[in-house]
1. Being farther than 21 Å from Gly75 by Cβ, in contact with a Lys or Arg (Cβ under 8 Å, 6 or more places away or on another chain) and buried (at least 16 other Cβ atoms within 10 Å of the Cβ) is the filter here; which residues of segment 125-146 pass it?
2. Considering only residues that are open to solvent by less than 80 Å² (accessible area, probe 1.4 Å) and of a type outside the set (A, V, I, L, M), look in segment 13-24 and name the one that is farthest from Ala156 (Cα to Cα).
3. Taking the criterion of being at pLDDT below 95 and either touching a Ser or Thr at 6+ places or on another chain (Cβ under 9 Å) or small (Gly, Ala, Ser) (or both), would at least one residue in segment 35-47 satisfy it?
4. So, in segment 58-84, how many residues would count as being surrounded by fewer than 18 Cβ atoms within 10 Å (Cβ to Cβ) and among the hydroxyl-bearing types (Ser, Thr, Tyr)?
5. Find all pairs meeting these conditions: Cβ atoms under 6 angstrom apart; at least six residues apart or on different chains; first residue within segment 29-40 and open to solvent by 90 Å² or more (accessible area, probe 1.4 Å); second residue of a type outside the set (Asp, Glu).
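The values are calculated or read from the model by the stated rules, or taken from the named source; none is laboratory data. This one's a predicted model, so the numbers in the text were calculated from it and none came from an experiment. Cβ placement follows ideal geometry from the backbone for every residue including glycine, while neighbour counts extend to all protein chains displayed. Only protein heavy atoms, including side chains, enter the accessible area calculation; ligands, DNA and RNA are left aside. Shrake-Rupley method; radii C 1.70, N 1.55, O 1.52, S 1.80 Å.
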Amino acid sequence: MPRGIQKLGGTDFDVRGVIQLTGTQAEAVGAAFPKEQTGIKVGRKCKRLHFLQAAGWQAEDGKVIGRYLLHYAGGETASLNIVYGADALDWWKGAAEAKPPQSPTVVWTGSNPAAEAVGGSVRLFKRTYDNPKPDLTIETLDFISTQAESAPFLVALTVED
């Protein structure tokens, strides 16, 4: 995926890297990803949060694979769940994959040699959440794995006034 500002699903995302968290399948193959990334700076009020995300490995549809914990000025918090099948899927799309009942919004597709070798592709999803406390400044957020089979990852976050 190209770096820099990318308009995906009608939202501008500043793509610079990825935060990959762990899950049980990642650990089973020896991957050493963290269980959480805390203190991601936001520093502003907003009405909505747009996440460019996906997951490594599959989980059961409806399973909470991660969450974003919002930390507001004044000490309040709010939690936004990442639900497999509704908010994100495995970033690898197999050639014969069936569409889940609550499909998340695919905003980018691409390929790599490993995916092409099996007739598949790779993809990223956009998930938009309404801010539960839009009148408060979000100071930071934590990105947390629930240690499900699937390992969530975050590519970019855009906040909307």
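1. Passing the criteria: Ser145, Thr146.
2. Quick first cut of segment 13-24, residues open to solvent by less than 80 Å² (accessible area, probe 1.4 Å) only: 13-15, 17, 19-24.
Pick out the ones that are also of a type outside the set (A, V, I, L, M) and you get 13-14, 17, 20, 22-24.
Working: Phe13: 6, Asp14: 6, Gly17: 8, Gln20: 12, Thr22: 18, Gly23: 20, Thr24: 24 Å.
Filtering segment 13-24 for residues that are open to solvent by less than 80 Å² (accessible area, probe 1.4 Å) and of a type outside the set (A, V, I, L, M), the one farthest from Ala156 (Cα to Cα) comes out as Thr24.
3. no
4. Total satisfying the criteria: 2.
5. Lys35/Thr22; Lys35/Ser145; Glu36/Ile144
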